[in-house]
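Trainee: Quick one: structure below, then a few questions.
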Amino acid sequence: MATARPQLSIDRLMAELMALAQISEAEPPVVTRVVFGEADMRARAYVKGLCEAAGLSVRHDAIGNTFARWQGTDDSLAPVGTGSHIDAIPNAGLYDGCVGVLGGLEAIRVLQQMGLKPRRSIELVIFTAEEPTRFGIGCLGSRMMVGVLNPQQALALRDKKGRSLEEWRAQAGFTGPLESVAVKPGRFHQFVELHIEQGPYLEQESLDVGLVTHIAAPASQRIVIEGEGGHAGGKLMPGRKDALAAAAELILALEAAAKSTGAIDTVGTVGICEVFPGAVNSIPSRVTMTTDVRDIDRARRDGVLAALATAAREVEARRGVSITIEFINADPPTTCDSAILEVLEAAAKAAGKSYKKMVARAYHDSSFVSCFAPTAMLFIPCRGGVSHHPDEYASSEWIGSGVHVLARTLAQLSEQ
């Protein structure tokens with residue numbers, strides 16, 4: 001593998017990506033595939049057929065995580081894993097997640113065509129519900145694999161219409177006890193996820209690939225502020241308990257706390273702010289908002305959360321409102337495995353690809369896989385950093401570079 005040059009079929013891969021994009025709940029070029037929906041199930045069947053045509057054995061677990069294995073020569077060894085997801089939020093593009101799945105499959109086919117007989121099996125994984133669209137929680141399949149989301153918590157999940165996870169997975173044909181989804185450390189020898197960057201930096205610097213050293217993780221909160229409503233003209237300013245004015249202070253407090261760390265990797269966002277009653281001439285009596293605080297350093301991130309809590313108590317006392325803060329999730333940031341990064345770097349050099357080491361600031365299944373296996377990620381550029389939108393785009397050259405480096409990496413890891 002040190003001298004052989006993988007010859008991938010980029011035309012085949014691009015055709016498969018385009019075919020997968022046609023399987024959507026919306027009219028192309030929009031891609032919408034919500035987990036367990038009709039389009040999601042057709043997409044799963046399409047990818048499963050491609051895997052079986054490549055000679056891979058395919059199985060799925062009780063939540064629908066799918067595993068396509070190219071059998072190695074030593075059954076006693078844990079496999080090397082790669083993969084991503086194929087579900088897509090409403091009004092999405094065709095590359096997010098799918099490049100990691102179909103690109104992973106193409107990397108395996110390249111190695112097969114080269115005559116490689118891997119010592120360790122290489123397993124392509126399609127994770128269930130990386131996107132939070134159906135049940136409001138991201139990385140459902142990988143969370144359950146690591147046990148971060150236990151079966152009892154999963155059974156309580158409902159969609160916006162009140163349908164349970166149990167109803168949806170039964171309709172999709174996924175059966176068996178949810179307890180069986182969890183895996184033990186050692187299930188994979190190592191794991192590498194190929195993904196579009198979802199940021200502009202590789203393209204701006206004209207680089208072929210990015211080697212991900214850390215994956216930031218969010219802590220999300222739901223904050224409810226209860227004030228006192230009234231007519232906008234009838235209630236004078238000195239006696240007001242305006243819930244939205246209090247919310248505005250908290251939003252600015254979060255921004256200030258995130259900036260105060262001095263670290264470029266600390267970010268804080270309020271993405272939802274629902275105002276009740278929502279009339280132009282009515283003082284807001286209640287505001288519900290969600291926060292998203294991310295960093296690659298957990299202590300630094302949690303310091304921002306503490307500062308926000310302190311600000312909430314101060315605003316609550318000064319304005320005479322009631323503020324409740326509920327954690328939705330607080331997942332640990334990930335440090336990618338240094339040994340895999342060394343192999344990725346060597347593979348990029350051998351392939352003649354330019355690269356940089358960088359941070360992943362979006363969520364990925366690899367964040368949870370890292371809890372039970374050494375893990376790293378490989379980024380390719382995406383135009384303008386646009387993602388989760390029909391304008392999302394990665395060129396065939398960018399995708400080819402990623403698959404080339406991934407194939408070399410899988411070959412090396414499978415021989416360890």
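Trainee: With respect to ILE10, determine if the residue is surrounded by 14 or more Cβ atoms within 10 Å (Cβ to Cβ) and without any contact (Cβ under 8 Å) to a residue 40 or more places away in the chain.
Mentor: Details: surrounded by 14 or more Cβ atoms within 10 Å (Cβ to Cβ): yes; without any contact (Cβ under 8 Å) to a residue 40 or more places away in the chain: no.
Spelling it out, it is not the case that ILE10 is surrounded by 14 or more Cβ atoms within 10 Å (Cβ to Cβ) and without any contact (Cβ under 8 Å) to a residue 40 or more places away in the chain.
Trainee: If you check ILE264 against the conditions, is it assigned to a loop (DSSP other than H, G, I, E, B), surrounded by fewer than 20 Cβ atoms within 10 Å (Cβ to Cβ) and without any contact (Cβ under 8 Å) to a residue 40 or more places away in the chain? Working first, answer last.
Mentor: Values: assigned to a loop (DSSP other than H, G, I, E, B): yes; surrounded by fewer than 20 Cβ atoms within 10 Å (Cβ to Cβ): yes; without any contact (Cβ under 8 Å) to a residue 40 or more places away in the chain: yes.
Against the criterion (assigned to a loop (DSSP other than H, G, I, E, B), surrounded by fewer than 20 Cβ atoms within 10 Å (Cβ to Cβ) and without any contact (Cβ under 8 Å) to a residue 40 or more places away in the chain), ILE264 qualifies.
Trainee: Given (1) closer than 28 Å to SER354 by Cβ; (2) in contact with a Ser or Thr (Cβ under 8 Å, 6 or more places away or on another chain); (3) of a type outside the set (Gly, Ala, Ser), where does LEU202 come up short, assuming only one miss?
Mentor: Only one criterion is unmet by LEU202, namely (2).
Trainee: Restricting attention to the stretch 201-209, does a residue exist that is part of a helix (DSSP H, G or I), at pLDDT 95 or above, assigned by the TED database to the domain that holds ASP391 and open to solvent by less than 30 Å² (accessible area, probe 1.4 Å)?
Mentor: Yes, the conditions are met somewhere in the stretch 201-209.
Trainee: Looking only at helices (runs of 4 or more DSSP H) that fall completely inside the stretch 101-177, which ones have 3 or more residues that are within 20 Å of MET377 (Cβ to Cβ) and open to solvent by less than 40 Å² (accessible area, probe 1.4 Å)?
Mentor: On the way: elements: 140-146, 151-155, 165-172.
Because the criterion is at least 3 residues that are within 20 Å of MET377 (Cβ to Cβ) and open to solvent by less than 40 Å² (accessible area, probe 1.4 Å), the helices (runs of 4 or more DSSP H) in the stretch 101-177 that meet it are 140-146.
Trainee: Please specify each residue of the stretch 293-343 satisfying the condition of being touching a residue at least 24 places away in the same chain (Cβ under 8 Å), among the small types (Gly, Ala, Ser), open to solvent by 50 Å² or more (accessible area, probe 1.4 Å) and within 30 Å of ARG408 (Cβ to Cβ). Can you show your working first?
Mentor: Of all residues in the stretch 293-343, those touching a residue at least 24 places away in the same chain (Cβ under 8 Å) come to 293-298, 300-305, 307-308, 311-312, 315-316, 319-337, 339-341, 343.
Still in the running and among the small types (Gly, Ala, Ser): 303, 307, 311-312, 320, 322, 330, 339.
In the following step, the residues that additionally are open to solvent by 50 Å² or more (accessible area, probe 1.4 Å) were identified as 322.
The answer is none; no residue qualifies.
Trainee: Just a yes or no: is a residue in the stretch 229-237 assigned by the TED database to the domain that holds GLU326 and either touching a Phe, Trp or Tyr at 6+ places or on another chain (Cβ under 6 Å) or part of a strand (DSSP E or B) (or both)? I'd like the intermediate steps shown before the answer.
Mentor: Residues of the stretch 229-237 assigned by the TED database to the domain that holds GLU326: 229-237.
Narrowing the set further to residues that are either touching a Phe, Trp or Tyr at 6+ places or on another chain (Cβ under 6 Å) or part of a strand (DSSP E or B) (or both) leaves 230-231.
Within the stretch 229-237, one or more residues are assigned by the TED database to the domain that holds GLU326 and either touching a Phe, Trp or Tyr at 6+ places or on another chain (Cβ under 6 Å) or part of a strand (DSSP E or B) (or both).
Trainee: In addition: In the stretch 355-365, which residues are among the aliphatic types (A, V, I, L, M) and surrounded by fewer than 21 Cβ atoms within 10 Å (Cβ to Cβ)?
Mentor: Once the filter is applied, which keeps residues that are among the aliphatic types (A, V, I, L, M) and surrounded by fewer than 21 Cβ atoms within 10 Å (Cβ to Cβ), the stretch 355-365 yields MET358, VAL359, ALA362.
Trainee: Can you pull out the residues in the stretch 65-100 that are surrounded by 24 or more Cβ atoms within 10 Å (Cβ to Cβ) and closer than 18 Å to ARG143 by Cα?
Mentor: The answer is ASN65, GLY81, THR82, GLY83, SER84, HIS85, ILE86, ASP87, ALA88, GLY97.
Trainee: Six or more apart or on different chains, Cβ under 9 Å: which pairs go from a residue in the stretch 19-33 that's open to solvent by 30 Å² or more (accessible area, probe 1.4 Å) to one that's charged (D, E, K, R) and outside any loop (DSSP other than H, G, I, E, B)? Could you list them?
Mentor: GLU25/ARG33; GLU25/GLU38; GLU25/ASP40
Trainee: Something else: Any residue in the stretch 300-323 that is part of a loop (DSSP other than H, G, I, E, B) and closer than 25 Å to LEU149 by Cβ? Please lay out each step first, then the result.
Mentor: Applying the first criterion (part of a loop (DSSP other than H, G, I, E, B)) to the stretch 300-323 yields 320-321.
Keeping just the survivors that are closer than 25 Å to LEU149 by Cβ gives none.
So far as the stretch 300-323 goes, no, none of its residues is part of a loop (DSSP other than H, G, I, E, B) and closer than 25 Å to LEU149 by Cβ.
Trainee: Further question on the same structure: Only residues that are surrounded by fewer than 17 Cβ atoms within 10 Å (Cβ to Cβ) and out of contact with any Ser or Thr (no Cβ under 8 Å at 6 or more places or on another chain): list them for the stretch 47-62, please.
Mentor: Answer for the stretch 47-62, where residues must be surrounded by fewer than 17 Cβ atoms within 10 Å (Cβ to Cβ) and out of contact with any Ser or Thr (no Cβ under 8 Å at 6 or more places or on another chain): GLY49, GLU52, ALA53, ALA54, GLY55, SER57.
Trainee: Could you grab me the full set of residues in the stretch 362-388 that are among the β-branched types (Val, Ile, Thr) and outside any loop (DSSP other than H, G, I, E, B)? Even if it seems obvious, please write down each step before you answer.
Mentor: Residues of the stretch 362-388 among the β-branched types (Val, Ile, Thr): 369, 375, 380, 386.
Residues satisfying the conditions are VAL369, THR375, ILE380.
Trainee: Here's a follow-up. Restricting the first residue to the stretch 51-75 and requiring it to be on the phi < 0 side of the Ramachandran plot, which pairs with a second residue that is assigned to a helix (DSSP H, G or I) and of a type in the set (Asp, Glu) meet a Cβ separation below 9 Å and a spacing of at least six or different chains?
Mentor: As it stands, the answer is VAL58/GLU52; ALA62/GLU179; ALA68/GLU52, since those pairs meet every condition given.
Trainee: Under 23 Å from HIS214 (Cβ atoms), assigned by the TED database to the domain that holds GLN112 and surrounded by fewer than 18 Cβ atoms within 10 Å (Cβ to Cβ): which single residue out of GLY385, GLY352 fits that description?
Mentor: Values: GLY352 fails: under 23 Å from HIS214 (Cβ atoms).
On inspection, the qualifying residue turns out to be GLY385.
Trainee: Can you tell me which of (1) buried (at least 23 other Cβ atoms within 10 Å of the Cβ); (2) within 23 Å of ASN65 (Cα to Cα) is the one GLY402 doesn't meet?
Mentor: (2)
Trainee: Related question: (1) surrounded by fewer than 23 Cβ atoms within 10 Å (Cβ to Cβ); (2) touching a residue at least 24 places away in the same chain (Cβ under 8 Å); (3) not polar (S, T, N, Q): which one isn't true of ALA43, the others all being true?
Mentor: In the conditions (1) surrounded by fewer than 23 Cβ atoms within 10 Å (Cβ to Cβ); (2) touching a residue at least 24 places away in the same chain (Cβ under 8 Å); (3) not polar (S, T, N, Q), ALA43 misses (1) alone.
Trainee: Right, next: Only one of these is open to solvent by 30 Å² or more (accessible area, probe 1.4 Å), closer than 30 Å to CYS336 by Cβ and without any contact (Cβ under 8 Å) to a residue 60 or more places away in the chain: VAL280, VAL270. Name it.
Mentor: On the way: VAL280 fails: closer than 30 Å to CYS336 by Cβ.
It is VAL270.
Trainee: Can you find a residue in the stretch 25-40 that is modelled with pLDDT of 95 or more, assigned by the TED database to the domain that holds TYR393, closer than 19 Å to VAL403 by Cα and of a type in the set (Gly, Ala, Ser)?
Mentor: no
Trainee: Taking the stretch 389-414 as the search range and keeping residues that are part of a loop (DSSP other than H, G, I, E, B) and among the charged types (D, E, K, R), which one is farthest from LEU116 (Cα to Cα)? Walk me through it before giving the result.
Mentor: Going through the stretch 389-414, the residues part of a loop (DSSP other than H, G, I, E, B) turn out to be 389-395.
Add one more test, that the residue is among the charged types (D, E, K, R), and what stays is 391-392.
Values: ASP391: 37, GLU392: 34 Å.
The selected residue is ASP391.
The values are calculated or read from the model by the stated rules, or taken from the named source; none is laboratory data. Worth saying up front: this structure is predicted, and the values here are computed from it rather than measured. So basically every Cβ, Gly included, is an ideal-geometry build from the backbone, and we count neighbours across all protein chains shown. Note: areas computed on protein heavy atoms with side chains; ligands, DNA, RNA excluded. Shrake-Rupley method; radii C 1.70, N 1.55, O 1.52, S 1.80 Å.
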